[in-house]
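See structure below.
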Amino acid sequence: AQKVTQAQTEISVVEKEDVTLDCVYETRDTTYYLFWYKQPPSGELVFLIRRNSFDEQNEISGRYSWNFQKSTSSFNFTITASQVVDSAVYFCALSEAVVRGGADGLTFGKGTHLIIQP
Amino acid sequence: DAGVTQSPTHLIKTRGQQVTLRCSPISGHKSVSWYQQVLGQGPQFIFQYYEKEERGRGNFPDRFSARQFPNYSSELNVNALLLGDSALYLCASSWTGYTEAFFGQGTRLTVV
C-alpha cells in the first residue's frame, strides 16, 4: 500500500533562512504522481507542484525548488530566503493507480508545520 | 473564475444525526473528490466521482455516501454521526482525477 512520510512535524526558522521540508514515499506502482500542497490557517489546500514518476528533473519556481530522487523515494521541498508569509502547514501527497485516473485519491503525509519568525 | 466552493463553512450537529455537505467544482472540471482532515493530520481520501459515477472509495464506513449531479456538483452525506466524525471536510475538483486537484476551503463539522 502507498504511504507518505513527513518526519518533520514542525520547523521554525528565522526569516530569510533557507529551509528544506522532507518527504519520503512508498509505492508498488511504477507510474505515480507526487504533489506538494500548502495549507494556511484558513484551511484551504493550495496546490504547489505535481511531478510524475518518469520526470526526475529538479524544478525551481521563484524561491521554491523541489528535488525528486527515485533512488531514495524522496521528494523534498526547499524554500530559499524564507518569508513570514511562507508560514503554513505543508503536505506531500502521492497518487497511484494512474491507469484508473487516480481513482484511489491522494495519499497525504501528516504535514510539516513551518513557522517563519520575523 | 470561481474556485471550488463548499457549503456550509461551519456546521454543528448532534451525535446520531445526519449531515449533507455540498461542493461545486471549478467550471469544466468533471471529477470531484472528498477528503476528511482530522485536526493535526493529513487529509484522508473518502470518495472520488467522475462523470457522475463513483470511481474510487477510501477506507470509510458505509455511513458515508456521496453523489455527483449532472452539473458535476457533489454532495457528501454522513449518517449516524459519531464524535469522531468531527473534522474538516475538503472537496477537490480536477479535470480527470489525477491531475492537480484544486481544493475548496472546506466545511468544518463539529459533532457534539
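Only one of these conditions is not met by residue B:74: (1) crowded, with 22+ Cβ neighbours inside 10 Å; (2) within 12 Å of another protein chain (Cβ to nearest Cβ). Which number is it?
(2)
So which residues in region A:69-92 are at pLDDT below 95 and crowded, with 18+ Cβ neighbours inside 10 Å, if there are any at all?
Result: no residue meets the conditions.
Looking only at residues in region B:13-63 that are β-branched (Val, Ile, Thr), surrounded by fewer than 21 Cβ atoms within 10 Å (Cβ to Cβ) and within 14 Å of the chain's Cα centre (by Cα), which one is farthest from the other protein chains (Cβ to nearest Cβ)?
B:20
May I ask you to say which residue of A:78, A:107 is away from chain B (no Cβ under 14 Å), in a strand (DSSP E or B), within 16 Å of the chain's Cα centre (by Cα) and at negative phi?
A:78
Taking residue A:114 and the conditions (1) surrounded by fewer than 18 Cβ atoms within 10 Å (Cβ to Cβ); (2) in contact with a helix residue (DSSP H, G or I) (Cβ under 7 Å, 6 or more places away or on another chain), which numbered condition does it fall short on, given that it satisfies the others?
Of the numbered conditions (1) surrounded by fewer than 18 Cβ atoms within 10 Å (Cβ to Cβ); (2) in contact with a helix residue (DSSP H, G or I) (Cβ under 7 Å, 6 or more places away or on another chain), the odd one out for residue A:114 is (1).
Counting only residues that are crowded, with 24+ Cβ neighbours inside 10 Å and within 7 Å of chain A (Cβ to nearest Cβ), which one in region B:91-100 is nearest to residue A:49 (Cα to Cα)?
B:98
For residue A:59, all conditions in the list (1) within 14 Å of another protein chain (Cβ to nearest Cβ); (2) touching a residue at least 12 places away in the same chain (Cβ under 8 Å); (3) surrounded by fewer than 21 Cβ atoms within 10 Å (Cβ to Cβ) hold save one; what is the number of the exception?
Tallying (1) within 14 Å of another protein chain (Cβ to nearest Cβ); (2) touching a residue at least 12 places away in the same chain (Cβ under 8 Å); (3) surrounded by fewer than 21 Cβ atoms within 10 Å (Cβ to Cβ), residue A:59 fails exactly one: (2).
Considering only residues that are of a type in the set (Val, Ile, Thr), in contact with a helix residue (DSSP H, G or I) (Cβ under 8 Å, 6 or more places away or on another chain) and in a strand (DSSP E or B), which ones fall in region A:20-42?
Passing the criteria: only A:24.
The values are calculated or read from the model by the stated rules, or taken from the named source; none is laboratory data. It should be emphasised that the depicted structure is a prediction, and the values quoted were computed from it without experimental measurement. Cβ atoms come from the backbone with ideal geometry, glycine included; neighbour counts cover every protein chain shown.
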